[in-house]
Amino acid sequence: MNIDHPVLRHRRQLEGLGFSAPWLALFDIDSTLMDTTPRNLAILAAARGRIPGLDACWDRLDLSRPFWDIGEPLRRAGIEDRGLFEELRAFWTERFFTDEWLIHDRPYPGAAELLADLKNDGFTLAYLTGRHSPGMEVGTRRSFLEYGLPAGPEEIFFFKPDFAMEDEAFKASVCDELGRRGTLVVAIDNEPANSNLFHRAFPRALAVWLDTVTSPLPATLDAGIERRGPDIFRSWS
């Protein structure tokens, strides 16, 4: 990695302030490292063969844009069938949060390379995700290895202990442990609320909000947080 790389530059600044190793680089997974669009599209395609109402309106759907909510392509097409939305939502929920379907995700271009660069430069990679361990840890580790993202014993994964726990509450609960693990240099997440959380908990760290896909009604991003698109991985690697 180039010595003028932003993360290395920030680490040098922290060293000048008296901070020391271990150095941590923190990443969310869904819509941060991994593009979940292929998973959503695969589930939607599977639903087409199981939900007659979906097949009837399929040609009206614009599937070229990413979406967070499985019903979003239908709303864009002006479809207002509440029963169809409920059936599709139930079909999606049964699959999206499972190991089996994670293999459809794809890392954003440059993500694997950036993670490898950071690891080679002495960073401990920490993945703090809203995915839950009972149902998604095996598939997460498998897909990371499949696509070349570091997922060995040196990497730290934080999974929710159960599906029902709110993502933001879980991530807040991990902040103390992160502080004990070392010095957080950079934190990247696609949800403004989580970026705000890390910026407030670790004001010396480089907080980056990744502008990909967010949940409906996202929080207002705090001042001092860098806004970037997924091209950050190629430009930083």
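Values for this structure:
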| quantity | calculated |
| --- | --- |
| Yes/no for Leu145 being farther than 24 Å from Leu197 by Cα, surrounded by fewer than 17 Cβ atoms within 10 Å (Cβ to Cβ) and out of contact with any Asp or Glu (no Cβ under 8 Å at 6 or more places or on another chain) | yes |
| Scan of region 123-141 for residues that are among the aliphatic types (A, V, I, L, M) and either part of a helix (DSSP H, G or I) or out of contact with any Pro (no Cβ under 9 Å at 6 or more places or on another chain) (or both), ordered by number | Ala126, Leu128, Met136, Val138 |
| Residue match in region 223-236 (condition: touching a Pro at 6+ places or on another chain (Cβ under 6 Å), surrounded by fewer than 18 Cβ atoms within 10 Å (Cβ to Cβ) and basic (Lys, Arg)) | yes |
| Number of positions in region 197-235 that are within 17 Å of the chain's Cα centre (by Cα) and hydroxyl-bearing (Ser, Thr, Tyr) | 3 |
| Filter result for Arg9 (surrounded by fewer than 16 Cβ atoms within 10 Å (Cβ to Cβ) and part of a helix (DSSP H, G or I)) | yes |
| Wholly within region 12-79, helices (runs of 4 or more DSSP H) carrying at least 2 residues that are at pLDDT 95 or above | 37-48 |
| Residue list for region 137-196, filter: touching a residue at least 40 places away in the same chain (Cβ under 8 Å) and among the basic types (Lys, Arg) | Arg142, Lys171, Arg181 |
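Listed here are the residues, each with its yes/no results for (1) surrounded by 14 or more Cβ atoms within 10 Å (Cβ to Cβ); (2) not assigned by TED's automatic domain parsing to the domain that holds Ser143.
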{"residue": "Arg48", "(1), (2)": "yes, yes"}
{"residue": "Glu80", "(1), (2)": "no, yes"}
{"residue": "Trp92", "(1), (2)": "yes, yes"}
{"residue": "Leu118", "(1), (2)": "yes, no"}
{"residue": "Phe123", "(1), (2)": "yes, no"}
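The values are calculated or read from the model by the stated rules, or taken from the named source; none is laboratory data. Everything quoted here is computed from the prediction, not taken from an experiment. Don't worry about glycine lacking a Cβ; one is built from the backbone with ideal geometry, like all the others, and counts go over all protein chains shown.
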